[in-house]
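Report on the following structure.
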Amino acid sequence: MEQPPHRFRSQSDTMERTNRAKLTNPVQDLFRRASSVNMEKYGGRTTDATSTDGTEPFSTPRNRYEPGASPEELDQVIRRSVSGYSTGSSAGLGDFTLIHWDGVEGSENGSSNSCRLPHSKDLNPSSPPSVLDGNVDDTLYHHLEQVMIEAENAKRDAFQEGIRREKAEKDAIDAIRRAKASEVLYNEELRQRKEMEEELAKERQELEKMKKIRDEVMEELRAALDQKSLLESQIAESDQMVMSLEQKIISAVELLKNYKRERDELHVERDNALREAEELREKQGEASSSHIPQFFSEFSFAEIEEATQNFNPSLKIGEGGYGSIFKGSLRHTQVAIKILNAHSKQGPSEFQQEVDVLSKLRHQNLITLIGACPEAWILIYEYLPNGSLEDRLSCKDNTSPLSWQTRIRIAAELCSVLIFLHSSKPHSIVHGDLKPGNILLDANFVSKLSDFGICRLLPRGESSSNDTTICWRTDPKGTIPYIDPEFFSSGELTTKSDVYSFGIILLQLLTGKQAVRIIKDVQDALDSGKFETLLDPLAGDWPFVQAEQLARLALRCCEMSRKLRADLVSDVWRVLEPMRASCGCSSSFRLGTEEHFQPPPYFICPIFQEVMQDPHVAADGYTYEAEALKGWLDSGHDTSPMTNLKLEHKNLVPNRALRSAIQEWLQQL
């Protein structure tokens, strides 16, 4: 840093004051002695003056030197003192020149002053000692002379010191100038450095931006390369997949050709087998049934498709665990077609079970199995327009409710068909899934028991008088509220299992309520005497005594232990048969008069328009009375009476299933 000029000057002054102090003390002593002699001679009064450096005081006439006085004031004091010395004595100091006091520059604060003798031109060292008074001795003169010599030396030293000081000040000024120049150069260099640093920072920012752009470009390039590699691998995999698929297609085409060839061979074998079977059937005639009537006809899948209009959803009338049920027109007869569910594991076994049971049994309260399509596991039943008992009890589609008379008759019919099944020989048949949904109603509300897919055949022991001990062990199946509790817990299915289900249905006929908790509700109502409030009001005015009797009978059928349940023949039928008779129904289960008991339309011959006695199927697929169709053909006709299309042949096939159904219907008249 540059040093201020006054600092160098202050240091020089300090050195000069030190030298001057040494010179001033003898002078002061001289003047003190001179002043003392003068004052004693002339009787003047003296005042003490103290030097600025703290030496002994000396006397001056009428004046006193104050330590804080200026150099000009000190000079005037000395002049007056010397003047007084010269005028007060004739033998005074002569032309003694006053010593001039110069004020010395103080320190930086200007607080201290000292005296020096810069000039002594007029000082005459050769003056005779007579100029002083006789009182001034040679010693004082000698001291004064020494003082003057010392003063000259001090002057010379001070002059040299001044020269050195000027040179030092000049050097200091040059140093200051050079320092300023250096400072300017330093500032300029600092500014340039700052500019260079700013430029360097900008360049670094640009470099960082370029690096960032480079990294982004490299990342995009890397992603593009990865994408390219991925696409190449996918293309390679696709090529391999295409080659594999081409090979599979070639194999599939070959396999399809083989399948077609095998199918054609199987079709030929099937046609041959059917032809042989038909020839065998014609040869065996009635004796082929082995004493068991087979009320069963087979239909092709093409006929089923035509009857259901390719399984039109609008013709679907029901759906269950076995599959879907469609309404169809098969050989100009309305039928119900049950189709196996493709995902049903029980389908084939249930199909065979129903065929085995319903093709060998006939009862007015069993649904009629008209035929089947074995190749697709399809069953064809008679069509019953009034749906199920479950739908009628809930008045589905706003249908009218069943009267209490009809309900008692349905209960009697259901008891009758169960007795028929349980007493069948050589095996008792247990339905196993008795519920309102499996009881169908025809146009006259006559009940028909259906769905024998899970029924079981129980052997009848000749030595056993009570068939309740005979059971079939199997996994519990059916609908929960209707399942026998013992069958559900032990897996033992008996005829008493159907009795339990019958009791639940009888309670529903009385109350119109759901099967869940119905046993407890009826029992509580009977115990509290409020059973009349539980009866279904939609059935009309129940005869309370008969209704209560039926309710208690139903509760006996629903006992938890099968041994305590009522017997269908001795207990249930004995009560229901008189009640059914009192409702106006004969023992033949006929409803009303003959004009209200119309035959089903498929019993009517299209030519004679009367119930057929010997139905036969012609080449057009329709069933006619054999005599009527032969007369039609003998008269020269080769076309169908129904479609007016030419018949492919004139062969007639007996429809034994329909003839058996007609015979049973005629027996009811």
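A residue that is out of contact with any strand residue (DSSP E or B) (no Cβ under 9 Å at 6 or more places or on another chain) and in a loop (DSSP other than H, G, I, E, B) occurs somewhere in the range 353-369. Counting only residues that are assigned to a helix (DSSP H, G or I) and not polar (S, T, N, Q), the range 538-565 holds 17 of them. Phe608 meets the stated requirement of being surrounded by 13 or more Cβ atoms within 10 Å (Cβ to Cβ), over 30 Å from Glu413 (Cα atoms) and modelled with pLDDT under 80. For the range 566-573, the condition of being part of a loop (DSSP other than H, G, I, E, B), modelled with pLDDT of 85 or more and over 16 Å from Pro654 (Cβ atoms) holds for at least one residue.
Does at least one position in the range 188-197 carry a residue that is modelled with pLDDT under 90, part of a helix (DSSP H, G or I) and not aliphatic (A, V, I, L, M)? No; the residues of the range 188-197 include none that is modelled with pLDDT under 90, part of a helix (DSSP H, G or I) and not aliphatic (A, V, I, L, M). For the range 483-541, the set of residues classified as surrounded by fewer than 19 Cβ atoms within 10 Å (Cβ to Cβ), among the acidic types (Asp, Glu) and touching a residue at least 60 places away in the same chain (Cβ under 8 Å) consists of Asp541 only. Between residues in the range 624-649 that are touching a residue at least 12 places away in the same chain (Cβ under 8 Å) and residues that are part of a helix (DSSP H, G or I) and of a type in the set (A, V, I, L, M), which pairs lie under 9 Å by C-beta distance while being six or more apart or on different chains? Pairs that qualify, where the first residue is touching a residue at least 12 places away in the same chain (Cβ under 8 Å) and the partner is part of a helix (DSSP H, G or I) and of a type in the set (A, V, I, L, M), are Pro641/Ala628; Pro641/Leu629; Leu647/Leu633. Note on the range 415-441: residues that are in contact with a helix residue (DSSP H, G or I) (Cβ under 7 Å, 6 or more places away or on another chain) and farther than 22 Å from Glu350 by Cα total 3.
Scanning the range 423-439 for residues being touching a residue at least 40 places away in the same chain (Cβ under 8 Å), over 49 Å from the mean Cα position of the chain (by Cα) and in a strand (DSSP E or B) gives a total of 3.
Against the criterion of being surrounded by fewer than 20 Cβ atoms within 10 Å (Cβ to Cβ), modelled with pLDDT under 90 and out of contact with any Pro (no Cβ under 7 Å at 6 or more places or on another chain), Pro401 does not qualify. Looking only at the range 504-518, residues that are more than 20 Å from Pro543 (Cβ to Cβ) and either modelled with pLDDT of 95 or more or touching a helix residue (DSSP H, G or I) at 6+ places or on another chain (Cβ under 6 Å) (or both) come to 4 in all.
Determine whether Val335 is farther than 17 Å from Leu384 by Cα, crowded, with 16+ Cβ neighbours inside 10 Å, modelled with pLDDT of 80 or more and of a type in the set (Val, Ile, Thr). It is false that Val335 is farther than 17 Å from Leu384 by Cα, crowded, with 16+ Cβ neighbours inside 10 Å, modelled with pLDDT of 80 or more and of a type in the set (Val, Ile, Thr). For Val545, the conditions (1) within 58 Å of the chain's Cα centre (by Cα); (2) surrounded by fewer than 20 Cβ atoms within 10 Å (Cβ to Cβ) are fulfilled apart from (1). For the range 495-528, a tally of residues being more than 20 Å from Asp391 (Cα to Cα) and either of a type in the set (Phe, Trp, Tyr) or in contact with a strand residue (DSSP E or B) (Cβ under 7 Å, 6 or more places away or on another chain) (or both) returns 4.
The values are calculated or read from the model by the stated rules, or taken from the named source; none is laboratory data. Just so it is clear, the model here is predicted, and its values are computed rather than measured. Cβ atoms come from the backbone with ideal geometry, glycine included; neighbour counts cover every protein chain shown.
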